[in-house]
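Okay, so here's the structure we're looking at.
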Amino acid sequence: MTNIADGKALASKIYEQISSEVDGLSKIPMLVVIITNDNEAGQIYVRNKQRACEKTGILSETIELDANVSEKELIGNILKLNKDELVDAILVQLPLPPHIDTERVLNAISPKKDADGFHYINAGKMFTGQIPNTVACTPKGIIRLLDEYKVKLEGLNAVVIGRSNIVGKPIAQLLLQRNATVTMCHSKTKNIETFTKNADLIVCATGQPEFLKGDMVKDGVIVIDVGISRKDGKLCGDVEFETVAPKASLITPVPGGVGPMTVAMLVQNTLDLTKKHIEDNQKKYITFL
Ligand code: GUN
């Protein structure tokens, strides 16, 4: 029987936990999001992120920059926020305009305020089995959702489709840490269905609407759909839900699956960074004494 993984319900549960923790903190957590005004899809996400923060008592501020902003000015904004004692977490909404070097911008964020876990120090620690300050929100949310549905990852044949730094690479790593056997497929993979048909778990992050179809998967497969796009005015994911869901033992819907979990993990990362920030300040104070 198909089980539909309810990311929205789990996100609500996580917000309740976060709210009660925020109430007990000595400092109100604060997230700052930087977005350039050419990023239309990003504007919707940013609003969702802001609403989620409000729900839990976290302060959230958005800095909207012109699409023509120079890399220097963008990084200047980040360096100021790095020094601001009120700010606990910084997120730069991607994609950035093409004249800007994304890696340089992401690496300008202090690793201690890295809401996305994209800084090379945090990503590198995650990839080498050390403890990072934060882990990228979508992969972290996927693992949290699989845990909620008590999926035993050890020994599963997991296929990740897509090799982005935001989703594909980090989710492959997290699945490997849980002892899954991970295969990475991407746009240049030949005969992709030979991999997907053998998979116990598929994470589909292709960015192509309804890419994964029912005849590409085996019965009982677990399917995580990371995509979100519009087809004939309707929201859809990277998975053709109508043909894949009947064969799946567990599947995430779009909307209401991975999306809400990504936002919930951003709020969780902001809380975690704030707790570390408070701890660091206490240590500094004790040293000063
Ligand atoms: N654009 C699409 N997904 C993401 C994300 O997880 N973080 C950021 N910063 N930008 C994105």
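A few remarks follow.
- Which listed residue, of Thr243, Thr270, Thr287, is closer than 27 Å to Lys218 by Cα and part of a helix (DSSP H, G or I): Thr243
- Selection of the range 142-161 for residues being surrounded by 16 or more Cβ atoms within 10 Å (Cβ to Cβ) and farther than 20 Å from Pro260 by Cβ yields Leu153, Leu156, Asn157, Ala158, Val159, Val160, Ile161.
- Any hit, the range 87-98, residues being of a type outside the set (A, V, I, L, M, F, W, C), out of contact with any Lys or Arg (no Cβ under 8 Å at 6 or more places or on another chain), more than 30 Å from Tyr15 (Cα to Cα) and not in a helix (DSSP H, G or I): yes
- Looking only at the range 165-183, residues that are surrounded by fewer than 21 Cβ atoms within 10 Å (Cβ to Cβ) and within 12 Å of the ligand (Cβ to nearest atom) come to 2 in all.
- The set of residues from the range 95-104 being more than 10 Å from the ligand (Cβ to nearest atom) and touching a helix residue (DSSP H, G or I) at 6+ places or on another chain (Cβ under 9 Å) comprises His99, Ile100, Asp101, Glu103, Arg104.
- Scanning the range 26-53 for residues that are of a type in the set (A, V, I, L, M), part of a loop (DSSP other than H, G, I, E, B) and either buried (at least 16 other Cβ atoms within 10 Å of the Cβ) or within 16 Å of the ligand (Cβ to nearest atom) (or both) yields nothing.
- Flag if Val92 is without any contact (Cβ under 8 Å) to a residue 40 or more places away in the chain, within 13 Å of the ligand (Cβ to nearest atom) and surrounded by 18 or more Cβ atoms within 10 Å (Cβ to Cβ): no
Just so you know, all these numbers are worked out from the coordinates, no wet-lab data involved. These numbers were taken from a predicted model, which means no experiment stands behind them. Don't worry about glycine lacking a Cβ; one is built from the backbone with ideal geometry, like all the others, and counts go over all protein chains shown.
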